[in-house]
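Notes to accompany the following structure.
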Amino acid sequence: MCGQAEGDLTARAHACLVYEHRDRVREAGPRWLRAGLERGERALVVSARGRADLREDLDGLGDVEGLIREGALVLLPPSEAYGGRGAPSPAASLAAYAAVTQRALTDGFSGLRVLADAP
């Protein structure tokens, strides 16, 4: 993570993980999402990788299928998350995240924790 330690993040905070190998995501991604789930947040993963690959990346998270069924974990390709093809504009990204955050709150979650591959 860059900026600050994972445990130090508060509401509306952002963190980024710069990586060269997918193993780094497999190590840090589940830990990042689990911390949010433990706080009652919905976890959203936005990636162009296939669902099977994402499930492998998130194996350290535990019962991925159960979390998906409960609505605690959502896996979306960028086209669904941002409503279009190609890299979204900053305004489109903000609008998309505002909408899914509001949906998470409406569904009873305390917030939204996102793991997204940057285009």
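Quick notes on this one:
- Residue within segment 39-53 that is under 22 Å from residue 93 (Cα atoms), modelled with pLDDT of 90 or more and of a type in the set (D, E, K, R) present: yes
- Scanning segment 47-100 for residues that are over 24 Å from residue 35 (Cβ atoms) and in contact (Cβ under 8 Å) with a residue 40 or more places away in the chain yields a count of 1.
The values are calculated or read from the model by the stated rules, or taken from the named source; none is laboratory data. Bear in mind that the values here come from a model prediction, so they are computed numbers and not experimental data. Here the Cβ is made from the backbone with ideal geometry for all residues, glycine too, and neighbour counts use every protein chain on show.
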